[in-house]
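One structure is given here, and the rest of the page talks about it.
All of the numbers you see were taken from the coordinates with simple rules; none came from a lab. Owing to the predicted nature of the structure, the values given are computational and were not obtained by experimental measurement. A quick note on method: Cβ atoms are made from the backbone with ideal geometry, for glycine too, and the neighbour counts reach across all protein chains shown.
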Amino acid sequence: MSLSVTTPFTQRIPVRFHHTDPAGYVFFPRYFEMLQAAVEDWFNEALGLNYYDLVNNERLGLPTAHTECTFTKPCRLGDFLDLTLFLERIGNSSIRVRFVGMVDGEMRLEARSVLVIISLNDGTPRRISEDLRMRLEAYMAGQGAQPDAPPARER
């Protein structure tokens with residue numbers, strides 16, 4: 001396995017009509033769909049593992065066990081959301097990832113999720129394989145320092 005990571009995985013997402021509410025702002029559940037798509041693309045592009053094969057051939061899933069998200073400013077139709085994925089923790093059967101979403105360098109959202117590796121045959125957690133662990137560790141080592149979150153604003 002050869003995995004060379006020098007920067008964290010970032011996916012540029014154009015905010016489309018189907019992401020937005022009638023006012024033209026991203027409807028908040030759509031962000032969670034974007035986070036899931038980023039995880040799938042992260043596996044394919046940054047970790048070098050085919051997400052489809054993982055799910056359909058190996059019968060492993062990565063459901064979200066916990067997620068939290070802070071929206072700092074809305075995204076609008078026509079924006080380009082740069083969604084960066086940082087790997088924060090590797091457990092026995094789970095990982096914790098942090099997502100930072102920016103438009104033109106301005107923070108729009110920050111989210112953290114815990115994803116658990118499970119068997120799709122019986123729904124029970126599975127140990128992270130040595131191959132996946134090596135890929136995750138290489139990614140974590142090469143992603144660089146994580147940016148600080150902006151201070152919370154009082155409403």
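Just one of (1) farther than 20 Å from R135 by Cα; (2) touching a helix residue (DSSP H, G or I) at 6+ places or on another chain (Cβ under 8 Å); (3) assigned to a loop (DSSP other than H, G, I, E, B) fails for A23. It is (2).
Count, please, the residues in the range 106-141 that happen to be small (G, A, S) and without any contact (Cβ under 8 Å) to a residue 24 or more places away in the chain.
2
Candidates P74, P14, P22: the one that is surrounded by 15 or more Cβ atoms within 10 Å (Cβ to Cβ) and farther than 30 Å from N121 by Cα is P74.
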